[in-house]
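One structure below.
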Number of protein chains: 2
Amino acid sequence: MTNPVVVEVTRGAVVESAHRGAVAVYDADGGSVVEIGDTDRPVFPRSAVKAIQALPFVESGAADAYGFGEKELALACASHSGQPEHVELARAMLAKAGLDETALECGTHWPSSHDATVALARSGGSPNALHNNCSGKHSGFLCTCRHLGIDHRGYVKAGHQEQEMVREAMEAVTGQKHDADHRGTDGCSIPTYAVPLKSFAQGFARMATGQGLGPKRAAAAKRLLNACMAEPFLVSGTGRADVTLMQAAPGRIFVKTGAEGVYCAAVPELGLGVAIKCDDGAGRGAEVMVAAVLAKLLKSDTALAARLIEIAGPAIESRAGAKVGALRPTVALA
Amino acid sequence: MTNPVVVEVTRGAVVESAHRGAVAVYDADGGSVVEIGDTDRPVFPRSAVKAIQALPFVESGAADAYGFGEKELALACASHSGQPEHVELARAMLAKAGLDETALECGTHWPSSHDATVALARSGGSPNALHNNCSGKHSGFLCTCRHLGIDHRGYVKAGHQEQEMVREAMEAVTGQKHDADHRGTDGCSIPTYAVPLKSFAQGFARMATGQGLGPKRAAAAKRLLNACMAEPFLVSGTGRADVTLMQAAPGRIFVKTGAEGVYCAAVPELGLGVAIKCDDGAGRGAEVMVAAVLAKLLKSDTALAARLIEIAGPAIESRAGAKVGALRPTVALA
């Protein structure tokens, strides 16, 4: 099936580009609330499931053993912008486990934040693995290995005990087998598994409600989502959609972006999870989609819904700062 | 009509994302050679038509009056990466006309080249309008105004004499009315007009052959395309697809990217023009499309076609540099 056009990109009075995609909103029991497009198609969740991937970090006792609070838990779920606060917190997490950035196997890239890149270059610095947007997640992996006495070398590889714990958590939360046939390698070198989009929606409903997870896992899930909602900047970075969305309704909306146009989200008060894939992989499309879907789910709070609809319609500006177009959700999302 | 999937993005054995789009290949008389998807839909050509927009710069005598050669003509058609060579050449063009960067109305942004951004920041510098990827085109506009004795202030606005000359050239080359109903504002603040995709294909066949343009315009078109093919780096920047493609067949392929997934191209030896739109606006999709279409058109040169097919299948790498996926054209482009 061909997914519908869900986002239009306008310039003047003309639709210049368009994004297709799929949306699943589920409850923890697998009840479908919203279904747009093909939600059975396997999708790599990429970084949108970092909160699930962080479960072993909490469940193993590592996070408590090192005295970590909401800030460190949020960073363990982050795709951060490589701003100094992110880099220093990841460094501090590793230090607690007696490690430094040389233990990270996520690779190095300049900060995702353009301002942070400019500041780093101006200072004469160069990036290291701590600037990688996944360094918080990897710091969580490394702390887990150290706490459990596992040799951390090769911790990114499929089959390593750390990735087996992550895979078990992913399978339990999504209810889907994660097999080698649907395995890819993520940008940060760990395995990522393509499973039906809808299973991430149900999975995040479970994360938000604890239903179907067992008490220990339910408690860990709640701590992780609460940490992200309490510290949205640490999960993301200045000016980014995840921060804007979570700050629009503090403690009420969890969202997490993933590469290639993926979003996972949860609305704990409704007991619902959301999973989104923009077919072409565009982050800008997925951002409009998630904001529009959250506005729909939370429409009874008219002020919040209005704010979410505003977020779902960002302006496109010329280099001189004039508004020349916009993104907008289509009726398929209304 | 729904355009076909033309490009797939793989990770491991899974198709992670996909791009839809349309392709038109025409001769100068309006004969259709390749037609994929809806080529009648109006599309903003954005920067892909800079060579047409530069016609008044040559036809007015401005380029000759200031002693400009292929380098300056190439830069006038460029979406450059803001590397020092681009910036200094734009500065020199303006100086010939007694102007400097304060006359540019394109707005300011950091260099498109990440390396150039880092180098500029390391040197303690900040960008000005010369770093804008369109500064070469705007320098051409300003030189044209000065040569003709036109007040250059407001030269980016619809209705200014410079933009009227550009619009006349666009209408003549594409054979399409450029009216206010289909007008948008480009990123660099000048008007851009949405007309059927196929008319850009025919237009670039005219640019490459001179057919249907009249002798003076035909000569200017030939000079501009030849300048771009002679100086691909000045039209683009280090490592970018336009450079790679034009260097694959020096003097035989003209290509020019535009924002929101557009490409225009010409193959002078075949008398053909190409116009491409990736529906969702993705540059990566449009790059695969144009390389695959050029491979198809030039298949009788088996070595060149093989090189173009290679360019049409770039790898996707993890941050650690491992190949984890690829882009590839679908059978719709074969």
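The values are calculated or read from the model by the stated rules, or taken from the named source; none is laboratory data. Bear in mind the structure is a predicted one, so any value in this text is a computation, not a measurement. Because the Cβ atoms are built from the backbone with ideal geometry, glycine has one as well, and the counts that use them run over all protein chains shown. All accessible areas refer to the heavy atoms of the entire protein, side chains included, with ligands and DNA or RNA removed. Shrake-Rupley method; radii C 1.70, N 1.55, O 1.52, S 1.80 Å.
Worth pointing out:
- Taking every residue in region B:158-187 that is farther than 15 Å from B:SER60 by Cα and pairing it with any residue that is open to solvent by 30 Å² or more (accessible area, probe 1.4 Å) and in a helix (DSSP H, G or I), at least 6 positions away or on another chain, the pairs with Cβ-Cβ distances below 6 Å are B:VAL173/B:ARG206; B:HIS178/B:ARG167; B:HIS178/B:GLU171.
- Inclusion of A:ARG206 among residues that are of a type outside the set (A, V, I, L, M, F, W, C), closer than 27 Å to A:HIS182 by Cα and part of a helix (DSSP H, G or I) is warranted.
- Of the residues making up region A:157-205, those that are within 12 Å of chain B (Cβ to nearest Cβ), of a type in the set (Gly, Ala, Ser) and buried (at least 19 other Cβ atoms within 10 Å of the Cβ) number 4.
Let's see how each residue does on (1) open to solvent by 10 Å² or more (accessible area, probe 1.4 Å); (2) modelled with pLDDT of 95 or more; (3) over 17 Å from A:CYS145 (Cβ atoms):
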{"residue": "A:GLU70", "(1), (2), (3)": "yes, yes, yes"}
{"residue": "A:ALA78", "(1), (2), (3)": "no, yes, yes"}
{"residue": "A:GLU85", "(1), (2), (3)": "yes, yes, yes"}
{"residue": "A:LEU89", "(1), (2), (3)": "yes, yes, yes"}
{"residue": "A:ALA92", "(1), (2), (3)": "yes, yes, yes"}
{"residue": "A:ALA95", "(1), (2), (3)": "yes, yes, no"}
{"residue": "A:LEU99", "(1), (2), (3)": "yes, yes, no"}
{"residue": "A:HIS109", "(1), (2), (3)": "yes, yes, yes"}
{"residue": "A:SER113", "(1), (2), (3)": "yes, yes, yes"}
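- B:ALA282 being more than 14 Å from chain A (Cβ to nearest Cβ) and either in contact with a Lys or Arg (Cβ under 6 Å, 6 or more places away or on another chain) or in contact (Cβ under 8 Å) with a residue 60 or more places away in the chain (or both): no
Table: residues versus (1) in contact with a strand residue (DSSP E or B) (Cβ under 8 Å, 6 or more places away or on another chain); (2) over 20 Å from B:PRO329 (Cα atoms).
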site	(1), (2)
B:LEU225	yes, yes
B:GLY237	no, yes
B:MET246	yes, no
B:ILE253	yes, no
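- Tally of residues being assigned to a helix (DSSP H, G or I) and closer than 18 Å to B:SER60 by Cα across region B:114-157: 13
- Within region B:15-36, the residues that satisfy the criterion of being within 14 Å of chain A (Cβ to nearest Cβ) and open to solvent by 20 Å² or more (accessible area, probe 1.4 Å) are B:VAL15, B:ALA18, B:ARG20.
- B:ASP100 vs. criteria farther than 19 Å from B:SER236 by Cβ and of a type outside the set (Val, Ile, Thr): yes
- Set side by side, the residues B:THR209, B:THR144 differ, and just one is of a type in the set (Ser, Thr, Tyr), under 21 Å from B:SER32 (Cβ atoms) and either in contact with a Cys (Cβ under 9 Å, 6 or more places away or on another chain) or more than 14 Å from chain A (Cβ to nearest Cβ) (or both), which is B:THR209.
- The condition of being within 14 Å of chain B (Cβ to nearest Cβ) and open to solvent by 30 Å² or more (accessible area, probe 1.4 Å) does not hold for A:ARG46.
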